[in-house]
Amino acid sequence: MSASNLKLTIAFNNPDLNSEELDEEVQRLLVQIKELDEVEDVKRVPDPNPPLGNKTAGGFIVGLLLAEVSKENFKKLMGFLGDRLGGKPIELEVEANGKKLKVKANSREELAAAIEAAQKFVAG
């Protein structure tokens, strides 16, 4: 990761979905984010200790996605996520300048507030 880039971890927390459904959510978002020119890198988070016989998630932590974006493009990515993830229970963790901010959202309104908090964190 470049020192000037931000790292964003997106965790899907929907208790109504099983691990296969969470994995499908992550796969859909992964494909959509890969199409964005503003994002430097996006990938699944490897599971350092996958369960024996694990086949559904392929050695990745279920429900997690890691994106790397420049500070200049962070706001665009946040807008994209707001459009795609509104109403879904998620947790965002932003890492910038050696500091981390973790926010949770369970509704479109909470996601908007979480995105605003993340943008302020990155800006200041």
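Taking the criterion of being farther than 23 Å from GLU35 by Cβ, at pLDDT below 90 and either under 11 Å from the mean Cα position of the chain (by Cα) or of a type in the set (Ser, Thr, Tyr) (or both), the only residue of segment 78-116 that qualifies is SER107.
For segment 26-35, state whether one or more residues are modelled with pLDDT under 90, touching a Leu at 6+ places or on another chain (Cβ under 8 Å) and not in a loop (DSSP other than H, G, I, E, B).
no
Exactly one residue out of ALA96, ALA123 is touching a residue at least 12 places away in the same chain (Cβ under 8 Å) and either crowded, with 16+ Cβ neighbours inside 10 Å or not charged (D, E, K, R) (or both), and it is ALA96. Among the residues that make up segment 61-79, is at least one of them in a strand (DSSP E or B) and loosely packed, with under 15 Cβ neighbours inside 10 Å? Checked segment 61-79: no residue is in a strand (DSSP E or B) and loosely packed, with under 15 Cβ neighbours inside 10 Å.
The values are calculated or read from the model by the stated rules, or taken from the named source; none is laboratory data. From a predicted model like this one, the values you see are computed outputs, not experimental measurements. We place every Cβ from the backbone using ideal geometry, glycine too, and count neighbours over all the protein chains shown.
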